[in-house]
Amino acid sequence: MKKKVLVLGCTGSIGSQTLDIIRHEKDSFEVAGLSVGHNQEALESLCSEFKCKGTCWSNDGLSGLKKLLDECGADIAVNGVAGSQGLLSSVEVLERGMNLALANKESVVMAWPVIKQLALKKNASIVPVDSEHSAVFNLVNQLGKDNTAEIVITASGGPFRNFTREQLESVTVEDALKHPTWNMGKKITIDSASLANKGLEVIEACRLFDVDTDKVKVLVHPQSIVHSLVRSNDGMLYAQISDPDMRHPIYSALVWPENRRNYLKPFTLAGHELSFFEPRTDDFPMLALAYECARKSGSYTIAFNAANEIAVEAFIDKKIGFLDIPGIVGATLSDDWTKEPASVEDVLEADRLSHERARNILDGRTF
């Protein structure tokens, strides 16, 4: 029987690649519904192709998503929506007891206690789609959580991995957008360059897999072929290895808990050289700041995410330098963010306050 898939953010990178999978495997999947943020024309074209209903956030708002969820009859929702809209989408999916293939970082970084409790209450599964967390998810499931001693997340290192501190002082936005491996949006590409993205993934790993921060390590791996590793209790390392192609983790989430043959090209190690390095947290302090927030919990992870959004936006607009990004984030985190959100409303209020604080720091240049 075909699995019915709801694709949230269907014109983005995750959504587009999900639809590519469905086009290639029509006997296994069908599109139950689609959502976009603004592109009504693209939505109508895709709804016509897949013969399904859709909703456009800019026109229909949250009520449109709720209506689509109530009517589409999906078995699983792929959430590739960025930002707080993606968080609200996760909540609505789980409220209906629908399984969630999750690529929205905010759902975990900002609101994991709320999201986790909702999934448990509604007996719904959350399967990570990020390549690193998908790898850990599969490795831990195969090895067993009790047999897992450590999680190792890999990072490409971005375009500046070999830059000195002095060189980092003069890099431009254009330099930061030249990612050596992945083709992504501006925000996530700059987050990769600063290691903020890897910091967010550390926070996610601690929460998704319920482990302490000292059990989550980061290794810089420029080839982006080993997506993550886990260490077993006996000290052995187990890795998930594939081409840097997001269709692999998306497919894995769609068929979970099964493991199936698919149309994607199998990977071969022949001809590849793999290298690994410790991250330079002194030169790339966003990673260290993320670890600090993961240890403190409360609303610190919300503040980290919000301040980074403000700082990256200012960098893209050429209002600040690359090394000012961690300055703004660090100054924002110096406030008291110990309050633990008890609801989605609490999460959004902490997000609003931390955005406001970061903007004030930016405007006052008090960092």
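Is region 41-169 best put as rounded, prolate or oblate by its Cα gyration tensor, with a ≥ b ≥ c the root eigenvalues, rounded for a/c under 1.5, and otherwise prolate when a/b is larger than b/c, oblate when not? Walk me through the numbers before you get to the answer.
Values: a/c = 2.19, a/b = 1.38, b/c = 1.59.
Oblate is the answer for region 41-169, as a/c is 1.5 or above yet b/c matches or exceeds a/b.
Could you give the accessible area per residue of region 68-175, probe 1.4 Å, as a whole number in Å²?
For region 68-175, the per-residue accessible area is 38 Å².
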> What part of the accessible area of the chain, given as a whole %, is carbon or sulfur when the probe is 1.4 angstrom?
Replying inline: 47 percent
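Round to the nearest 0.05 the FRET efficiency obtained for residue 125 and residue 63 when R0 = 30 Å and r is the Cβ-Cβ distance. Please list the in-between numbers first.
Values: r = 26 Å, r/R0 = 0.87.
The computed FRET efficiency comes out at 0.70.
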> Under 5 Å between amide H atoms, partner at least 5 residues away or on a different chain: which partners does residue 127 have, H built in plane at 1.01 Å?
Replying inline: 100, 101, 102
>> Please report the antiparallel percentage of DSSP beta bridges with both residues in the chain, rounded to the nearest 5.
In response: 30 percent
>> Looking only at region 131-277, where both bridge partners belong to it, what percent of the DSSP beta bridges are antiparallel (to the nearest 5)?
In response: 70 percent
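Under a point-charge model restricted to the Cβ atoms of Lys and Arg (+1) and Asp and Glu (-1), what is the dipole moment magnitude of region 212-309 relative to its Cα centre, in debye to the nearest 20?
360 debye
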> Accessible area per residue of region 300-367 at 1.4 Å probe, in Å²?
Replying inline: 44 Å²
> So for the pair residue 258, residue 38, with labels modelled 7 Å out along Cα→Cβ, what separation do we get in nm?
Replying inline: 3.9 nm
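For 96, 295, 261, give me the order by solvent-accessible area with a 1.4 Å probe, most accessible first, ignoring ligands, DNA and RNA.
On the way: 96 80, 295 155, 261 225 Å².
I get 261, 295, 96, largest accessible area first.
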> What dipole magnitude, in Debye to the nearest 20, does the chain give about its Cα centre under +1 on Lys/Arg Cβ and -1 on Asp/Glu Cβ?
Replying inline: 700 debye
> Tell me, what HN-Hα J-couplings in whole Hz come from the Karplus equation 6.51 cos²θ - 1.76 cosθ + 1.60 at θ = phi - 60° for each residue of region 203-212, using x for Gly and Pro?
Replying inline: 4, 4, 4, 4, 7, 4, 10, 6, 10, 6
> Say R0 is 25 Å: what FRET efficiency, to the nearest 0.05, do residue 272 and residue 162 get from their beta-carbon distance?
Replying inline: 0.80
> Between 29, 216, 290, whose Cα lies farthest towards the positive end of the dipole of the chain when Lys and Arg beta carbons carry +1 and Asp and Glu beta carbons carry -1, centred on the Cα centre?
Replying inline: 29
>> Helix-only mean residue ellipticity at 222 nm, the chain, DSSP H runs n ≥ 4 weighted -39,500 (n - 2.57), per residue, nearest 500. What is it?
In response: -15000 deg cm²/dmol
> Any idea of the accessible area per residue across region 178-262, 1.4 Å probe, to the nearest Å²?
Replying inline: 44 Å²
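The values are calculated or read from the model by the stated rules, or taken from the named source; none is laboratory data. Just so it is clear, the structure is predicted and the values come from calculations on it, not from any experiment. Here the Cβ is made from the backbone with ideal geometry for all residues, glycine too, and neighbour counts use every protein chain on show. Protein only, heavy atoms only, side chains kept; ligands, DNA and RNA dropped before computing areas. Shrake-Rupley method; radii C 1.70, N 1.55, O 1.52, S 1.80 Å.
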